[in-house]
Amino acid sequence: MCSLERKLVRPVRSVVFLGALLLSGALYSQTVAEPEPEEQVESEQAKVSSLWKATLDWQGDFRLRYEAIDEQGEVDKSRFRFRGRFGIASQLSENLQFSMRIATSDGDPVSTNITFGDGFSTKKFAIDRAFFNWNVVGGLDVAFGKMSNPWFRAGGNSLLWDSDLNPEGIVANWQSPSGPFFVNAGTYIVAERSSTDNSWLHAAQGGVNFRLSETSRLRIASAFFAYTNTIGNQPFYKGRAKGNSVDANGNFIYDYEILEISTEYGVIIKGWPTSVFGVWARNTAVDVEDTAFALGVRMGSTNVRGDAQFSYAWHDTGADAVMGIFSDSDFGGGNTDSKGHIIKAKYALRQKIVLAATVIISEVGEFRDNGHDYNRLQLDMEVLFR
């Protein structure tokens, strides 16, 4: 193990150990700190059980999709797909919450879509999320497990992170109780190989969230994402490079230490919620194909019957600017070394029933001297339920 890896792994183990100790204290401080009479213990247990039941909440969604893919040089493809998700959340104590969600899945970390038409075969569900969230004090929360993405993503962009990605590890989120500042810092296990060769993701993000007026807000954030043990190892999921540079054996040839700067301006214009965003990212560990950026705008919402929403985004991603397997799985076939347009429209047919259309017009493979068009059409019907 190199000296740099020792410096990274030791703090990680300390953080995980400290998180376990703190969680133990959050769960058992009332019963371990001072032995109590049996009647009082039973009363406390009943109180916790009552809290769990009273705060139990659930939600889910089901989506049907028609998708057509037109990739230059390949046979056109069309297919019908679906996605189902169901989750629960509940307070285990006044400051500790547990959340869990299952979803249709074939194991892909950035997609919960399942394709119809495999001989009427049964379809699989898997654990999509399972994590604790502990409110340590005031604006400080610590989450650990397989969790929802904790990072601020300007405009909900997918330049670095696909919206279906749920990372696994521990993260602390702090929001200033009386000011605009926020900080996120965490460590995630990405690939387990051996005790000396695991790949981790160490990440930190800080930013400000200014309320400019009653109807407008500005957010600005900077983040750094550093993966360990990439060079000489296979890409993280089924060896899929997804546009990243690999050698003849399919192993990474670069490190990925990504700096990201993002901003989002939100305002209500004549009753229409509107946001404009920009994201810039650079892999500081390489010198070529190291930069990615996205610009976009979104108007409207789909909260009430008859509401509509429209959005547009431009993505331009260098081959090694971001980690390919975790970025947008639809844009450019899920590959880096891509650029193009994402156009979306949504309409609330009824409350919690939304029709949507997405058109992606992109070009991929230019850096590899294999530049070609990759276009995609998606037509959706999504039902939300609680």
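The values are calculated or read from the model by the stated rules, or taken from the named source; none is laboratory data. The model shown is predicted, which means the values in this text are computed figures rather than measured ones. Note: ideal-geometry Cβ built from the backbone for every residue, glycine included; neighbour counts use all protein chains shown.
Of note:
- Residue within segment 221-244 that is among the charged types (D, E, K, R), touching a residue at least 60 places away in the same chain (Cβ under 8 Å) and touching a helix residue (DSSP H, G or I) at 6+ places or on another chain (Cβ under 6 Å) present: yes
- Qualifying residue in segment 242-249 (condition: over 23 Å from the mean Cα position of the chain (by Cα) and among the aliphatic types (A, V, I, L, M)): yes
- Considering residues of segment 346-360 that are surrounded by 17 or more Cβ atoms within 10 Å (Cβ to Cβ) and among the hydrophobic types (A, V, I, L, M, F, W, C) only, the residue nearest to residue 308 (Cα to Cα): 348
- Here residue 185 does not fit the description of being among the aliphatic types (A, V, I, L, M), within 20 Å of residue 133 (Cβ to Cβ) and surrounded by 19 or more Cβ atoms within 10 Å (Cβ to Cβ).
- Subset of segment 201-239 (residues that are of a type in the set (A, V, I, L, M, F, W, C), more than 22 Å from residue 274 (Cα to Cα) and touching an Asp or Glu at 6+ places or on another chain (Cβ under 9 Å)): 223, 224, 225, 226, 231
- In segment 203-218 there is at least one residue that is under 21 Å from residue 264 (Cβ atoms), charged (D, E, K, R) and touching a strand residue (DSSP E or B) at 6+ places or on another chain (Cβ under 7 Å).
- Of all residues in segment 262-273, at least one satisfies being within 19 Å of the chain's Cα centre (by Cα), in a strand (DSSP E or B), under 22 Å from residue 337 (Cβ atoms) and of a type in the set (S, T, N, Q).
- Members of segment 240-261 found to be on the phi > 0 side of the Ramachandran plot and charged (D, E, K, R), listed by number: 242
- Where strands (runs of 3 or more DSSP E) fall wholly inside segment 274-386, the ranges with 2 or more residues that are among the β-branched types (Val, Ile, Thr), touching a strand residue (DSSP E or B) at 6+ places or on another chain (Cβ under 7 Å) and farther than 30 Å from residue 57 by Cα are 291-300, 338-350, 353-364.
- Taking each residue of segment 105-120 that is more than 22 Å from residue 235 (Cα to Cα) and without any contact (Cβ under 8 Å) to a residue 40 or more places away in the chain and looking for partners that are acidic (Asp, Glu) and assigned to a loop (DSSP other than H, G, I, E, B) with beta-carbon atoms closer than 8 Å, six or more apart or interchain, yields 114/106.
- Residues that are among the small types (Gly, Ala, Ser), within 14 Å of the chain's Cα centre (by Cα) and closer than 20 Å to residue 189 by Cβ within segment 146-174 comprise 148, 169, listed in sequence order.
- Wholly enclosed strands (runs of 3 or more DSSP E) of segment 120-184 bearing at least 3 residues of a type in the set (Lys, Arg): none
- Exactly one residue out of 285, 321 is within 23 Å of residue 201 (Cβ to Cβ), buried (at least 21 other Cβ atoms within 10 Å of the Cβ), modelled with pLDDT of 95 or more and hydrophobic (A, V, I, L, M, F, W, C): that is 321.
- Selection count, segment 272-307, where residues are among the polar types (S, T, N, Q) and in contact (Cβ under 8 Å) with a residue 60 or more places away in the chain: 1
- In segment 87-114, residue surrounded by the fewest Cβ atoms within 10 Å (Cβ to Cβ) [restricted to those that are more than 19 Å from the chain's Cα centre (by Cα) and outside any strand (DSSP E or B)]: 94
- Top-ranked residue in segment 288-315 [being of a type in the set (S, T, N, Q) and closer than 30 Å to residue 244 by Cα; ranked as surrounded by the fewest Cβ atoms within 10 Å (Cβ to Cβ)]: 291
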